[in-house]
Structures are given as structure tokens and as C-alpha cells.
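These notes are about the structure you will find just below.
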Amino acid sequence: MNRRNLYYSNEKKVNPYYFDGDVIIREIYNESNSNDQEVYFVEFARGALTTIHFHETEQFLVPLYGNGVIGEIDNNKSNSLVDFTFENLIIKSLNVGEIVSIKPNILHFHGASPGQNFSHVAFRKMFESKPSSEKNESIHTQTIWGYEMISKALGSEDQSKILNELNKVSEKIRGAVSTWAKDKKLIT
């Protein structure tokens, strides 16, 4: 048995390209202490959100505290991450007591509702079995972030260009989340 404490696990350095706002991440399980799962305890302060991203394996979120939000981008209505519109977003609340499943390869973001603090545990499989001609092969799965998607779409590694586009996407998301929260009467 391997037991870990959410609140005293190692804090992981936050990549500023992957989060919009103040976030603390504690790495609970990873390759060094789990054969299959990665588990993070994430605390979002004052409306902080992840930037848009997707995982190659299913992710589960378990809200622990506060009022959260999750959004998905409907890829069927948009050709580009940069060109998506509010109509492409599906936004829902994340409530304590719920467990949310996000299917593989779905563009999404999650975090705190505007002005709120929120925390959740996130977990997903680190490896996926791929059948090969000789044997089943385990492949390390990835999380692909908006920064990487925009870099690829632009065909550029120019950080200022990528961040400019990422900020445009984040502003659209923040605007949509704010409108959603006002419509739900979560903020005035």
C-alpha cells in the first residue's frame, strides 16, 4: 500500500503557459511512485483557470472545495484553436461531490469560477497499451497544451507570437466564463 497526503505532497513548479492565474499543484502520484496513474491536487485562487489543453487518456476531476468551472471546445464547429468562438464552448459548473470524466483528446479547460477559490484532484493513466505485431506495447501518454498547439499551428517557436495567440484564446475563454457565471447568477 502506498499512502500519500494531498496537503503535504511535493509542490510542483507551475508552468505559466499552462495556467491563467494563481495555482498551486501538488504531485501526489507519478512515475516514481505509481505504475499506472498520475494524480495531482490543484488549488486555483481567485478565478484561476488552466489554459486550453487535452490529454491522450481519459482524465477524472474530483472537486474538493469551492466553486469550479469546466469548459470544452467543440472541435466540430471550429477549424482552429485560435479561431474558435463562444458558440464553440460548452461550459458547466464543477461542484463538490461530483466526479467529472473528460474523454481523451477533448480540448478543455477547468478551474475556479470567477473570483472564487477552488480545488480538485485530477487523475489519469500515464500509459496506454498499443498492440504491436510482437506484443502489447505501453506508450507514455501526454497532455498537449494550447501553447504547443498554437506553436504547431503557426509553424513557429517564436515565444512572443505564441503567447500573443495564447493570450487571445485565454481572453475569449475568460469572457465566456464571465458571461456564463453572470447568466448563472454566480457573479453580479
Check your understanding: In straight Cα distance, which lysines are under 23 Å from LYS130, not counting same-chain residues fewer than 8 positions off?
Key -> LYS103
Check your understanding: Within a Cβ distance under 14 Å of GLU27, other residues only, what is the Lys/Arg minus Asp/Glu net charge?
Key -> +1
Study note, to complete from the structure: With DSSP loop assignment and no more than 15 other C-beta atoms within 10 Å, the GluC sites (Glu not before Pro) in the range 1-34 are GLU31
Study note, to complete from the structure: Loop-resident trypsin sites (Lys or Arg not before Pro) in the range 113-165 with no more than 10 other Cβ atoms inside 10 Å, DSSP not H/G/I/E/B, are LYS135
Check your understanding: [x] 49.2, 168; [y] 17.0, 60; [z] 25.7, 87: which one is Rg and Dmax of the Cα atoms in Å as calculated from this entry?
Key -> [y]
Exercise for review: Grab the other residues whose beta carbon is less than 12 angstrom from that of GLY146, score K and R as +1, D and E as -1, and report the net.
Suggested key: 0
**Study point:** Value of [θ]222 nm, deg cm²/dmol, for the chain, DSSP H segments ≥ 4, -39500 (n - 2.57) each, nearest 500
**Key:** -6000 deg cm²/dmol
**Study point:** Residue order for ARG46, ARG174, ARG26 - accessible surface, 1.4 angstrom probe, largest first
**Key:** ARG46, ARG174, ARG26
Check your understanding: So, with +1 on the Cβ of K and R and -1 on the Cβ of D and E, and no other charges, what is the size of the charge dipole of the chain about its Cα centre, to the nearest 20 debye?
Key -> 520
Exercise for review: Restrict the search to the range 110-170; then list the GluC sites (Glu not before Pro) that DSSP places in a loop and that have at most 10 other Cβ atoms within 10 Å of their Cβ.
Suggested key: GLU134, GLU157
Check your understanding: Whats the longest run of the chain with zero chymotrypsin sites (Phe, Trp or Tyr not before Pro) that are DSSP loop and have at most 13 other Cβ atoms within 10 Å?
Key -> 9-188
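The values are calculated or read from the model by the stated rules, or taken from the named source; none is laboratory data. Keep in mind that this is a model prediction, so the values were computed, not measured. Don't worry about glycine lacking a Cβ; one is built from the backbone with ideal geometry, like all the others, and counts go over all protein chains shown. For the accessible areas, the whole protein counts, side chains as well, though only heavy atoms, and no ligand, DNA or RNA atoms are used. Shrake-Rupley method; radii C 1.70, N 1.55, O 1.52, S 1.80 Å.
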